[in-house]
Amino acid sequence: MATGDRAELFQLLDITGEDARECADLLAATPGPGVQQALEALQARLGTFPSDSVISNGPTESEWITALLRFAPLVHSYHLGLAITPEVSAASLADVGLQLRINRRVHGRFGLDTWAWLTLHMAGNLFRLGRLQFHLVRRQSPEAEDGQERSWVLGVHIPEAGALAPAAVDASFRDAKLFFAGHFPDKPIATATCESWMLDPYLANHLPESNIASFARRFTLDRCTDAPTDAVYFTFRHRGLEGLDALPRETSLQRLVLERIDDGGTWQLGHGHLSL
């Protein structure tokens, strides 16, 4: 890939600094079998509206990074072919650069331990619209027989981007309704779903005035499942439950996350839905 093409790609994906230099080295190398296998897996999913990430049974983390970099321009072209604006496409694909920066904060090195999450973006059905990300997927209706009846739903994701101000969240949902009705009119959506530690009722009960609690109250909670490490990872970008004593307790959220674990509690993943 030529230098100018790399610069354009890194701008699209918001890859900067040392991460850009490392990515340039990966792109300068001839793709091996692992990269080709990863590219084939991404190609097979483009435009198919998958709900799950790719499960790797061969390529390494480095090979997946290379494949994601090489495949991103195809996704951008796919977006433009749907009359999606370059700005929305770039905002959606910029999660690649963000995840590289997060990896450096978590592990202190170049890498992408969240590569599987980014395979959702590369299928072309996950978009950043303002504060939130929306993932368009098919869902089997409970009453359907033999897979004949299907509905469409939006999975809501919360990228790292500061506060969850209610006005910004309102704007994202308004934008999403217009965006998907305009670009995917044959896939009508009435429901959005969210699976997040932020929907754990414990959080809203203890920080009822917080933006997170306000966000959680938008959803009808369907169920909760144990997710012992999610709150720690997304609050501190710290993997696992070891070394928690070294983590800061400067904010009310930081203190709440750690004190619940100190008291023997387990953070949960809330599964909720709302009507659009």
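Readers should treat all values here as calculations from the given coordinates under stated rules, not as data from a laboratory. All values reported here derive from a predicted model rather than from experimental measurement. Positions of Cβ are backbone-derived with ideal geometry, glycine not excepted, and every protein chain shown enters the neighbour counts.
Figures for the structure shown
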quantity	calculated
Cα-based Rg and Dmax for region 125-276, where Dmax is the largest Cα-Cα distance (Å)	17.1, 53
Residue-count net charge about residue 172 - beta-carbon cut-off 13 Å; Lys, Arg +1, Asp, Glu -1	+3
Cα point-scatterer Debye curve for the chain, base-10 log of I(q)/I(0) at q = 0.07, 0.11, 0.14 Å⁻¹	-0.28, -0.70, -1.12
Neighbour-count ranking [beta-carbon atoms within 10 angstrom, fewest first] of 52, 95	52, 95
Local net charge near residue 195, Cβ-Cβ under 15 Å (Lys/Arg +1, Asp/Glu -1)	-2
Contact order relative to length of the chain, as percent, for alpha carbon pairs under 8 angstrom and 6 or more apart	16
Radius 11 Å from Cβ of residue 231, net charge of other residues (Lys, Arg +1; Asp, Glu -1)	-1
Cα-based Rg of region 5-75 normalised by 2.2 N^0.38 Å, two decimals	1.12
Burial ordering of 139, 223, 45, fewest other beta-carbon atoms within 10 Å first	223, 139, 45
Region 125-276: relative contact order as a whole-number percent, Cα under 8 Å and 6+ apart	25
Dipole of region 125-276, positive end: most advanced residue of 151, 254, 216 [Cβ charges, Cα centre]	151
Efficiency of FRET from Cβ geometry, residue 107 and residue 254, R₀ 25 Å, rounded to 0.05	0.75
Volume per residue that the Cα convex hull of region 188-257 spans, once the total is divided by residue count, Å³	108
Fraction of antiparallel bridges per DSSP, the chain only, in percent to nearest 5	85
Per principal axis, descending, Cα span of region 13-148 in whole Å	50, 34, 30
Likely footprinting exposure, 252, 275, 53, fewest C-beta neighbours within 10 Å first	275, 252, 53
